[in-house]
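Shown next, in structure tokens, is the structure this report addresses.
The values are calculated or read from the model by the stated rules, or taken from the named source; none is laboratory data. Please read all numbers here as calculations on a predicted model, not as lab measurements. As a convention, Cβ positions derive from the backbone with ideal geometry for all residues, glycine included, and neighbour counts pool all protein chains shown.
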Amino acid sequence: GSVKIRVKDTNLYYGNHHALKNINMDIYDKSVTALIGPSGCGKSTFLRCLNRMNDLIPNVRIDGEIQIAGNDINKYDVILLRKKVGMVFQKPNPFPMSIYENIAYGPRIHGTKNRSKLDNIVEKSLREAALWDEVKDRLKSNAMGLSGGQQQRLCIARTIAVEPEILLMDEPTSALDPASTMKIEDLMENLKKQYTVIIVTHNMQQAGRISDYAAFFLNGEIIEYDKTEKIFYKP
Ligand code: ADP
Ligand code: ADP
């Protein structure tokens with residue numbers, strides 16, 4: 001794919017703690033990029049730079065420039081930036097409302113009011129997250145009644161319902177059992193056909209299985225970044 005995100009000379013400080021050190025990185029469209037490395041090395045901080053979630057934290061200073069499709073992210077309206085750059089968190093966090101409303105909420109906020117259009121978005125998003133068959137007969141049930149793995153796939157569906165271009169995933173499977181983890185890993189092949197996917201994972205085997213590129217973080221720096229097949233042995 002082409003370069004979707006360009007990170008240039010980026011440093012981030014929490015107060016005087018230098019958490020990201022001179023990051024330069026091109027991230028490619030229609031691919032999965034894994035961010036790996038030990039706990040505390042800056043992976044989540046880096047991910048939060050891409051949708052400006054660090055702006056919410058007091059005493060953060062960021063320098064350098066981050067571009068999406070050539071445009072400085074600081075020039076976007078932050079609401080539109082976060083629509084374009086969706087995020088899925090480690091712990092599934094559905095809204096305590098119906099399955100249907102979890103998905104319809106975002107599109108409605110962004111201006112889709114028509115009921116049959118919303119119905120279509122709900123079905124399409126749930127299909128893309130491989131959850132449709134399991135929930136189509138209970139769309140009005142509360143999402144909190146789903147299993148953890150189903151909740152996480154619902155969160156993925158909710159994120160893609162607003163038609164993002166980039167999907168950020170911060171350890172999306174580390175709270176899940178192996179079977180649920182496998183279902184989410186299986187989704188990646190389809191998600192990357194449509195989106196730029198960036199996933200933080202502690203699981204090296206997972207990075208080897210699902211990513212096209214891998215960046216190894218250590219102490220706030222990227223010490224290695226290459227095609228996954230060059231970093232990991234792939235049979
Ligand atoms: P460097 O490796 O470039 O010296 P560090 O990130 O190790 O930078 O530390 C920079 C400064 O931030 C040091 O003064 C350190 O004591 C402080 N520091 C390190 N970790 C934290 C933290 N988690 N919270 C607040 N300050 C920290
Ligand atoms: P990782 O995702 O690789 O585990 P993080 O990005 O969460 O690492 O953290 C990188 C460093 O920044 C750690 O030293 C962490 O303690 C520090 N850090 C993270 N968030 C904050 C914050 N809100 N305030 C101060 N320091 C933080």
Filtering region 152-184 for residues that are touching a Gly at 6+ places or on another chain (Cβ under 8 Å) and not hydroxyl-bearing (S, T, Y) leaves a count of 14
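Given K113, K124, K117, which one is basic (K, R) and not in a helix (DSSP H, G or I)?
Working: K124 fails: not in a helix (DSSP H, G or I); K117 fails: not in a helix (DSSP H, G or I).
Result: K113 is the single residue among K113, K124, K117 that is basic (K, R) and not in a helix (DSSP H, G or I).
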Restricted to region 49-59 and to residues being over 11 Å from L12 (Cα atoms) and surrounded by 20 or more Cβ atoms within 10 Å (Cβ to Cβ), the residue farthest from ligand 2 (Cβ to nearest atom) is N51
Pairing a residue in region 130-153 that is in contact (Cβ under 8 Å) with a residue 24 or more places away in the chain and farther than 18 Å from Q90 by Cβ with any residue that is surrounded by 14 or more Cβ atoms within 10 Å (Cβ to Cβ) and among the basic types (K, R), where Cβ atoms lie under 8 Å and the two sit 6 or more apart in sequence or on different chains, gives A130/R153; A130/K183; L131/R153
The lone condition I23 fails out of (1) of a type in the set (V, I, T); (2) within 8 Å of ligand 2 (Cβ to nearest atom); (3) under 17 Å from I198 (Cα atoms) is (2)
Filtering region 59-106 for residues that are farther than 14 Å from R158 by Cα and in contact with a strand residue (DSSP E or B) (Cβ under 9 Å, 6 or more places away or on another chain) leaves a count of 18
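Within region 7-79, considering only strands (runs of 3 or more DSSP E) that don't extend past its boundaries, which have at least 2 residues that are modelled with pLDDT of 95 or more and within 13 Å of ligand 1 (Cβ to nearest atom)? Give the steps one after another, and end with the answer.
On the way: elements: 17-28, 32-36, 60-68.
The strands (runs of 3 or more DSSP E) meeting that bar are 17-28, 60-68.
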Cβ pairs under 6 Å, 6+ apart or interchain, first in region 40-65 and farther than 25 Å from A207 by Cα, second more than 15 Å from ligand 1 (Cβ to nearest atom) and outside any helix (DSSP H, G or I), ordered by first then second residue, are G64/K8; G64/D9; E65/K8; E65/D72
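G86 - would you say it is of a type in the set (G, A, S), in a strand (DSSP E or B), closer than 23 Å to E165 by Cβ and touching a Lys or Arg at 6+ places or on another chain (Cβ under 7 Å)?
Numbers: of a type in the set (G, A, S): yes; in a strand (DSSP E or B): yes; closer than 23 Å to E165 by Cβ: yes; touching a Lys or Arg at 6+ places or on another chain (Cβ under 7 Å): no.
For G86, the condition - of a type in the set (G, A, S), in a strand (DSSP E or B), closer than 23 Å to E165 by Cβ and touching a Lys or Arg at 6+ places or on another chain (Cβ under 7 Å) - is not met.
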Listed by first then second residue, the pairs whose first member lies in region 28-39 and is within 17 Å of V7 (Cβ to Cβ), whose partner is within 13 Å of ligand 2 (Cβ to nearest atom) and part of a loop (DSSP other than H, G, I, E, B), with beta carbons under 8 Å and at least 6 positions apart or on separate chains, are A34/T201; L35/T201; I36/T201; I36/H202
- prompt: Of the residues that make up region 31-41, is at least one of a type in the set (S, T, Y) and within 15 Å of F217 (Cα to Cα)?
  reply: yes
